[in-house]
Amino acid sequence: MENIAILAQLIVSISVIIVWVFRFDNIVEEFKHYGISDLLRNIVGASKISLATILIVGTYYQMNDLLVATSLIMAFLMICAQYFHIKAKNPWSKFVPSFVLLVLSLFIATFNYGVL
C-alpha cells in the first residue's frame with residue numbers, strides 16, 4: 001500500500017508541475033475564462049507548485065503529518081477547480097483531470113493519516 005501512496009504522490013506532483021509550468025499558457029486562458037484575477041492565479045500556481053514539491057520530497061522522507069496537510073490543501077484546490085468547471089459549464093472532459101487529482105490527494109491524506 002505504501003508503494004501505491006508514493007505513486008499517487010508522484011502522479012499528483014508531476015501532473016501539477018506539467019500543467020503549471022509547461023502548459024502555463026493554457027492556465028492563463030482558463031483563468032481569464034473563469035474571470036479570476038492574475039494575482040489569484042499566481043497565488044494558486046505558486047501554492048500548487050509548492051505543494052507538489054512537498055509531495056515529491058515526502059516520497060523520500062517520512063513526514064506523515066505534513067503530507068496529510070499538504071494533500072488536503074491540494075484536495076481543496078482541486079475541489080475549487082471542480083467548482084469553476086461547473087460554473088463555466090465546461091464539458092465533462094475538463095472535469096476529469098482535477099477529479100482524479102482530488103481522489104488521489106484524498107487517498108494520500110488517508111494513507112498518511114494512518115487510516116489505510
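The values are calculated or read from the model by the stated rules, or taken from the named source; none is laboratory data. Quantities reported herein were computed from a predicted structural model and do not represent experimental measurements. Because the Cβ atoms are built from the backbone with ideal geometry, glycine has one as well, and the counts that use them run over all protein chains shown.
Which is closer than 20 Å to Gly114 by Cα, out of contact with any Lys or Arg (no Cβ under 7 Å at 6 or more places or on another chain) and among the polar types (S, T, N, Q), of Ser37, Ser71, Ser15, Ser47?
Numbers: Ser37 fails: closer than 20 Å to Gly114 by Cα; Ser15 fails: closer than 20 Å to Gly114 by Cα; Ser47 fails: closer than 20 Å to Gly114 by Cα.
Of the residues listed, the single one that is closer than 20 Å to Gly114 by Cα, out of contact with any Lys or Arg (no Cβ under 7 Å at 6 or more places or on another chain) and among the polar types (S, T, N, Q) is Ser71.
Restricting attention to helices (runs of 4 or more DSSP H) lying wholly within the stretch 18-116, give those where 2 or more residues are within 30 Å of Met1 (Cα to Cα) and modelled with pLDDT of 95 or more.
Details: elements: 24-34, 38-57, 64-87, 92-113.
In the stretch 18-116, the matching helices (runs of 4 or more DSSP H) lie at 38-57, 64-87, 92-113.
When Ala52 is tested against (1) under 13 Å from the mean Cα position of the chain (by Cα); (2) without any contact (Cβ under 8 Å) to a residue 12 or more places away in the chain, just one condition goes unmet, and that condition is (2). Only a single item in (1) exposed (fewer than 14 other Cβ atoms within 10 Å of the Cβ); (2) in contact with a Ser or Thr (Cβ under 6 Å, 6 or more places away or on another chain) is not met by Ile108, and it is number (1). All conditions in (1) closer than 29 Å to Tyr113 by Cα; (2) in contact (Cβ under 8 Å) with a residue 12 or more places away in the chain; (3) over 10 Å from the mean Cα position of the chain (by Cα) hold for Leu77, with the sole exception of (3).
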